[in-house]
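The values are calculated or read from the model by the stated rules, or taken from the named source; none is laboratory data. All values derive from a computational prediction rather than experimental measurement. Note that each Cβ is placed from the backbone with ideal geometry, even for glycine, and that neighbours are counted across all protein chains shown.
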Amino acid sequence: MKNRKLRCIVTNCYNSGQQDSSSMYKFPINPVVRQKWMDNIADIKDINLFNSRVCRRHFETQCFGKTKVFSWAVPTLFLNTKEVVHQVSKPSKNTFVRRCSVRNCSSRSPSERLHFFPSNPEMRKEWMEICRLTLDNKWLFICGRHFRQTYLPNNKGNLRKDAIPEFHLGTEEEDPLGKTVKSMKSCANRSNISFKSEDSGIDEESFRESKPHNPCANCLDLQQQLAAAHFRIQQLEERRREETTDSDDEEEEEHIFMLMK
C-alpha cells in the first residue's frame, strides 16, 4: 500500500509520495551522520526533521542492508546539487583475531585451532583457575597444545566434554614438554653412540681414550651427592679409627700400671 503522507524531502524528487514506508528513511540519530545528510541535501535548515524522510532513490547500492540503510549511509544521488559535500565512506571492518587466553601462549587464529572455554559455569570456573585467569568474558579461547592428545577434537571437531587443560599453562619457567622431549632426544643420542661403539668393535683402551660425553644436569647432581656421601663415609671411618686407637692406648697404659704394682 502506498503511503502518500510520507514525502521525500529532496527537492523535485519525482518519487516523492510514490513509495511505501519501507523505502523511506528517517534522518539518523547520530549527529555527525545527520549533519552529512543535511549538508548533501541542502536547503533544509528550517524544516522539522523528525517527520522528514529520504527515499531509497538517493542512496548508493552499498548503503542498503536487509531492511534499511546502514548507520553510516549518506544520500549522494539525484540531490539537485552541483557537488556532493560528503561521499559514502564505508567503515573498514576490524579483523577479529582470536588468541589463546593462556599467559605467554602465542597461539592465535587462523593458523592455530582455538576452542571456546566451556559454557558450564563450574567447568568454566575450573578452567579459569587452572589457567590463572581472573577476568571472565565471552571471548575466552584456548589452543590444543594445553591438552592431552586423548582430549583433542573428535570427528565432530570438538574437545571431549571432560577435557582439562594441563600443559604449558604459563606457570613454568620452561616448557616441561619441550624439556622432556630434549631429554629423550639426549638419551636417544647417547644410546645411539653406545650402540655404534659396540657394533664398530672398538676395544676398551680406545674407548677410554675417546672424549667422554657431557653428563646431563640430573647426572651431575647425582654425582655430587655420591661424592659428598663418599667423603662423609671417609670422615666417619677416620674418626672411628682415632677412637679405637685412643681406647687401645688407654688399655695398654692400664695394663702396664697393673704390672708395676
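Overview of results
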{"item": "Set SER101, SER107, SER71: member being surrounded by fewer than 16 Cβ atoms within 10 Å (Cβ to Cβ) and either out of contact with any Cys (no Cβ under 8 Å at 6 or more places or on another chain) or under 30 Å from CYS143 (Cβ atoms) (or both)", "result": "SER71"}
{"item": "First in region 18-45 and acidic (Asp, Glu), second anywhere and in a loop (DSSP other than H, G, I, E, B), Cβ under 8 Å, 6 or more apart", "result": "ASP20/MET1; ASP20/LYS2; ASP20/ASN3; ASP39/VAL85; ASP39/HIS86; ASP43/THR11"}
{"item": "Some residue of region 19-38 being out of contact with any strand residue (DSSP E or B) (no Cβ under 8 Å at 6 or more places or on another chain), within 14 Å of LEU79 (Cβ to Cβ) and modelled with pLDDT of 85 or more", "result": "yes"}
{"item": "Residue within region 121-138 that is part of a loop (DSSP other than H, G, I, E, B) and touching a Phe, Trp or Tyr at 6+ places or on another chain (Cβ under 6 Å) present", "result": "no"}
{"item": "Total residues in region 20-48, condition in contact with a Lys or Arg (Cβ under 7 Å, 6 or more places away or on another chain) and more than 19 Å from ASN80 (Cα to Cα)", "result": "4"}
{"item": "Lone qualifier among VAL54, VAL33, VAL74 - being aliphatic (A, V, I, L, M) and in a loop (DSSP other than H, G, I, E, B)", "result": "VAL74"}
{"item": "Filtered residue count, region 30-45, keeping only those that are closer than 13 Å to VAL69 by Cβ and of a type outside the set (D, E, K, R)", "result": "3"}
{"item": "When residues of region 139-165 are limited to those that are buried (at least 17 other Cβ atoms within 10 Å of the Cβ) and in a helix (DSSP H, G or I), the one farthest from the chain's Cα centre (by Cα)", "result": "TYR151"}
{"item": "Qualifying residues in region 1-18 (those that are within 14 Å of ASN51 (Cα to Cα) and modelled with pLDDT of 80 or more) - the one surrounded by the fewest Cβ atoms within 10 Å (Cβ to Cβ)", "result": "ARG7"}
{"item": "Filter result for VAL69 (out of contact with any Pro (no Cβ under 7 Å at 6 or more places or on another chain) and either of a type in the set (D, E, K, R) or more than 23 Å from SER16 (Cα to Cα) (or both))", "result": "no"}
